[in-house]
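The values are calculated or read from the model by the stated rules, or taken from the named source; none is laboratory data. Source: prediction; values computed, not measured. We place every Cβ from the backbone using ideal geometry, glycine too, and count neighbours over all the protein chains shown.
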Amino acid sequence: MDNKSNNDSDIINKRVVLLIVTLASFLTPFMSSSMNIALPSIGKEFSMNVVLLNWVATSYLLAAAIFLVPFGKIADIKGRKKVFSYGILIYALSSFLCAISTSSVMLISFRILQGIGSAMIFGTAVAILTSVFPPRERGKVLGINAAAVYLGLSLGPFLGGSLTQYLGWRSIFIANAVLGLITIILVLWKLKGDWAEAKGEKFDFIGSIVYSLSLAAIMYGFSLIPAMSGLWLVLVGVFMFLLFVRWEMKTKNPILDINLFRNNITFTFSNIAALINYSATFAVAFLLSLYLQYIKGFSPQNAGSILVAQPVVMAIFSPLAGRLSDRVEPGIIASAGMALTTVSLSLFTFLSEKTSLEVIVASLILLGFGLALFSSPNTNAIMSSVERRFYGVASATLATMRLTGQTLSMGIVMLIFAIYMGNVQITPQYYPIFLTSMKTVFIIFALLCFGGIFASLARGKVQ
């Protein structure tokens, strides 16, 4: 009887953990996709130029990417529940502060704080799930977690658009603050355990600072390209990153164990595949949003309704792909997903003024299915390839690959648009050049993804 009650308690605790982590994983993508709809309203209220407006989105992304790996390591040492809880608290507080901002500088500053909170959530969420669920159930729960991310991306444009239209852009931040508050109450009330497999290890402050500065220089520099200052910043960032790698190989308790990459082919190539996948796909929604509104003449609401096809398919099939990766080699499923993604990106290179809506939606559905097959099996491969004490670092490394890939994706778009179009508004006279620019970006994305198939296959067997 005691064994049965212990098992029941264990099952309930696992379900509570899954609920809390899933809710937290929904928050940040919901925020990001909502913000894209709200940016014009924010720009109008604060009279922001296009550079400042870009920083409202980029500051959050940059802060999250910089702090992910350090917080992943801190979580392994101090306890994942602790870092996860503080992360949600900071996220909820910063969301409220964003809502009451009275200037663009205030808003961007609080977006940076929101990015730090997001790093603490994403640097620990997958690690907590991997700690609580045994290997045979891991793919299934990682699939559910991925579905929550895609659900956030799907609902963002709809709910964010409605909130902005009827209650103003500040209501998006209020909604996030309320959801964050509900999550933190659940954490303090129901979440048991603290999972600190690297307890007692020292934190590598020098490595953390060099890593953060190198990533900041690379990502900020990339946003300035093709200007020479951007190229110099990227070179400085790369040099500092090489210094960071050298330091991590020498120090006793590194924030990022380089041996994870040197001695673990599965971990290395799974992360490279993730970086390539996000670099090749993140800007697709941005490009198609412009194409549907400018070239096809759809309203923002209708454009959003068309674009939702991709994340909905991802949300439906991610749990199934995750469950399948518990039974079949994850690398095979992820590679098949990368191949389908390549095909869908190739189809987008043929877009023109006359492309039918059916072709666009079919291509989006194929892209969503490819990404669903890739995402959770790839995550399963990464988390199954490391020891328990590295779960936090592995989770944070994957999340860093995602954020860095997203930034590179937008960087490629900015670079191609700057070369083809220069600093102009998209007016009817520039539509042909816009279409040429967009097709060029899709060709680059398809080639990137094609290379990603080989990176995915090179990981070897996980199971």
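Which of the numbered conditions does LEU61 fail, given that it passes all the others? Conditions: (1) within 17 Å of the chain's Cα centre (by Cα); (2) under 27 Å from ALA394 (Cβ atoms); (3) modelled with pLDDT of 80 or more.
Looking at each condition in turn, LEU61 falls short on (3).
Can you find, within segment 211-239, the residue that is nearest to THR58 (Cα to Cα) among those that are part of a loop (DSSP other than H, G, I, E, B) and among the aliphatic types (A, V, I, L, M)?
Among them, the one singled out is ILE225.
Can you tell me which of (1) within 30 Å of PHE205 (Cβ to Cβ); (2) not in a helix (DSSP H, G or I) is the one VAL245 doesn't meet?
(2)
Identify the single condition in (1) touching a residue at least 24 places away in the same chain (Cβ under 8 Å); (2) more than 30 Å from ILE74 (Cβ to Cβ) that THR379 does not satisfy, given that it satisfies every other one.
Among (1) touching a residue at least 24 places away in the same chain (Cβ under 8 Å); (2) more than 30 Å from ILE74 (Cβ to Cβ), the lone unmet condition for THR379 is (2).
For the structure I just gave you, tell me whether GLY156 is assigned to a helix (DSSP H, G or I), at pLDDT 80 or above and under 17 Å from the mean Cα position of the chain (by Cα).
In short, no.
May I ask you to say which residue of GLY411, GLY452 is in the same structural domain as SER363 (by TED's automatic domain parsing), in a helix (DSSP H, G or I) and at pLDDT 80 or above?
Matching residue, one of GLY411, GLY452: GLY452.
Among the residues of segment 240-283, write down those that are hydrophobic (A, V, I, L, M, F, W, C) and without any contact (Cβ under 8 Å) to a residue 24 or more places away in the chain.
Result: LEU242, VAL245, MET249, ILE258, PHE261.
Yes or no: segment 339-349 includes at least one residue that is closer than 30 Å to GLN429 by Cβ, more than 24 Å from the chain's Cα centre (by Cα) and in contact (Cβ under 8 Å) with a residue 24 or more places away in the chain.
Yes, some residue in segment 339-349 is closer than 30 Å to GLN429 by Cβ, more than 24 Å from the chain's Cα centre (by Cα) and in contact (Cβ under 8 Å) with a residue 24 or more places away in the chain.
Suppose we filter segment 161-210 for residues that are part of a helix (DSSP H, G or I), of a type in the set (Phe, Trp, Tyr) and modelled with pLDDT under 85; how many remain?
So the answer is 3.
What about SER363, is it more than 25 Å from PHE350 (Cβ to Cβ) and not assigned by TED's automatic domain parsing to the domain that holds ARG138?
no
Please go through (1) in contact with a Phe, Trp or Tyr (Cβ under 9 Å, 6 or more places away or on another chain); (2) closer than 20 Å to SER375 by Cβ; (3) surrounded by fewer than 19 Cβ atoms within 10 Å (Cβ to Cβ) for ILE306 and return the number of the only condition it doesn't satisfy.
(2)
Could you list all residues from segment 91-138 that are in contact with a Lys or Arg (Cβ under 7 Å, 6 or more places away or on another chain), among the small types (Gly, Ala, Ser) and modelled with pLDDT of 85 or more?
ALA99 - this is the single residue of segment 91-138 that is in contact with a Lys or Arg (Cβ under 7 Å, 6 or more places away or on another chain), among the small types (Gly, Ala, Ser) and modelled with pLDDT of 85 or more.
Just the residues that are of a type in the set (A, V, I, L, M) and more than 25 Å from PHE110 (Cβ to Cβ), please, taken from segment 138-176.
VAL141, LEU142, ILE144, ALA146, ALA147, LEU151
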